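Accompanying notes for the structure given below.
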Amino acid sequence: MKRAPRSLLIVLVVALWWAPMASLASDEYNALPPIGTQVRVMAPSLGPGWHYGQFNRLRVEPPCYRVLIFSGGPTRRIDHILSPGELTRIEVADHSPSVQPKSSAGIAASGKDPHVTWHELALDQLLTTEKACGAHPSL
């Protein structure tokens with residue numbers, strides 16, 4: 001008789017421990033990516049198709065985020081700096097855990113990494129942070 005309540009208790013403890021983990025996994029790609037993460041974006045100002053770049057943040061509070069688009073070729077200079085309001089879509093790179101990404105600027109410029117899967121990032125999250133950027137006159 002005592003075994004049933006004990007096993008039920010164990011099952012409940014495991015379920016309570018695992019439930020938040022499952023919730024975090026489903027929201028994993030709804031959180032803002034770390035600074036320096038490879039992204040690809042669609043922006044009318046850049047023309048049709050995906051443009052590869054890097055997620056970045058300005059050094060101001062509240063935070064203001066930008067996407068850096070690099071030139072192709074060996075110079076790897078920044079060609080465009082886009083605010084969230086200029087984007088129509090943004091996807092975040094998820095690199096295979098067994099493969100270490102090369103130079104982020106090189107990958108960002110080419111977008112040709114076979115070990116990457118892409119996950120859509122909700123633009124409304126970035127647009128919410130962008131509203132606060134209006135408080136900074138120099139931005």
Study note, to complete from the structure: Considering residues that are over 12 Å from Gly85 (Cβ atoms) and either touching a Pro at 6+ places or on another chain (Cβ under 7 Å) or modelled with pLDDT under 80 (or both), the number found within segment 122-136 is 3
Check your understanding: Do any residues in segment 119-132 that are assigned to a helix (DSSP H, G or I) have Cβ atoms under 7 Å from those of residues that are among the hydroxyl-bearing types (Ser, Thr, Tyr) and surrounded by 12 or more Cβ atoms within 10 Å (Cβ to Cβ), where the two are at least six apart or on different chains, and which pairs are they?
Key -> Leu126/Tyr65; Thr129/Tyr65; Glu130/Ser83
Point to revise | Residues (over 16 Å from Leu121 (Cβ atoms) and either touching a residue at least 12 places away in the same chain (Cβ under 8 Å) or assigned to a strand (DSSP E or B) (or both)) located in segment 70-96 | key: Phe70, Ser71, Gly72, Gly73, Arg76, Ile78, Asp79, His80, Ile81, Ser96
Exercise for review: Any chance you could count how many residues in segment 31-54 are under 15 Å from Leu68 (Cβ atoms) and out of contact with any Lys or Arg (no Cβ under 8 Å at 6 or more places or on another chain)?
Suggested key: 11
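The values are calculated or read from the model by the stated rules, or taken from the named source; none is laboratory data. No experiment lies behind these values; they were computed from the predicted model shown. Ideal geometry is used to build each Cβ from the backbone, glycine not excepted, and the neighbour counts take in all protein chains shown.
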